[in-house]
Amino acid sequence: IQPLVQKGHSVDYYLALSTGEHTPWRVTEATAHLTLDPIFGSKPHAQEHIVHTIEQSISQAGGTLRCLALREAVKLDDTRLIHALDARTHAGPDPFANFPIMSHGNGSVSSANRNFLSVYKALEELWDAAE
């Protein structure tokens with residue numbers, strides 16, 4: 001943010017974060033030991049503390065926080081596309097097993113698809129906020 005501001009640009013910042021646990025598509029050395037960012041301290045804090053820390057950091061760098069979507073997890077089960085896919089494919093109890101991509105990795109296909117969709121649902125929310 002700061003380098004852009006120093007060059008005379010106005011920086012609007014849109015951010016989506018999840019604070020809850022999730023199942024990684026596959027466990028690697030990097031994903032096996034995820035920790036809280038040191039900027040937030042050594043123990044989990046209330047959402048208000050996280051929001052304040054992020055707002056303050058962006059502001060101090062000269063940017064403007066336009067949208068912060070901070071939640072435990074991105075909700076996917078209420079997505080109409082998932083319900084439509086489930087009705088079409090009869091995927092069974094877990095429609096994420098066949099949507100949207102087939103996995104050729106070692107991890108769970110359902111976990112990969114949930115993670116994939118979570119990213120794009122969060123991006124959709126940020127895009128809607130920018131409009």
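Just wondering, is there one or more residues in the range 46-56 that are at pLDDT below 80 and open to solvent by 80 Å² or more (accessible area, probe 1.4 Å)? Yes, the conditions are met somewhere in the range 46-56.
Here Cys67 passes the criteria (1) modelled with pLDDT of 80 or more; (2) in a helix (DSSP H, G or I) except the one numbered (2).
Contact map, the range 115-128: first residue in contact (Cβ under 8 Å) with a residue 40 or more places away in the chain and in a helix (DSSP H, G or I), second residue of a type in the set (Val, Ile, Thr) and open to solvent by less than 60 Å² (accessible area, probe 1.4 Å), Cβ cut-off under 6 Å, separation 6 or more or different chains; pairs are Ser118/Val74; Lys121/Val74; Ala122/Val74.
If you check Gly92 against the conditions, is it modelled with pLDDT under 80, part of a loop (DSSP other than H, G, I, E, B) and open to solvent by less than 100 Å² (accessible area, probe 1.4 Å)? Spelling it out, Gly92 is indeed modelled with pLDDT under 80, part of a loop (DSSP other than H, G, I, E, B) and open to solvent by less than 100 Å² (accessible area, probe 1.4 Å).
The values are calculated or read from the model by the stated rules, or taken from the named source; none is laboratory data. Note that the coordinates shown come from a computational prediction; the quantities given were computed from them, not determined experimentally. Here the Cβ is made from the backbone with ideal geometry for all residues, glycine too, and neighbour counts use every protein chain on show. When the accessible area is computed, the model is the full protein with side chains, heavy atoms only, and any ligands, DNA or RNA have been set aside. Shrake-Rupley method; radii C 1.70, N 1.55, O 1.52, S 1.80 Å.
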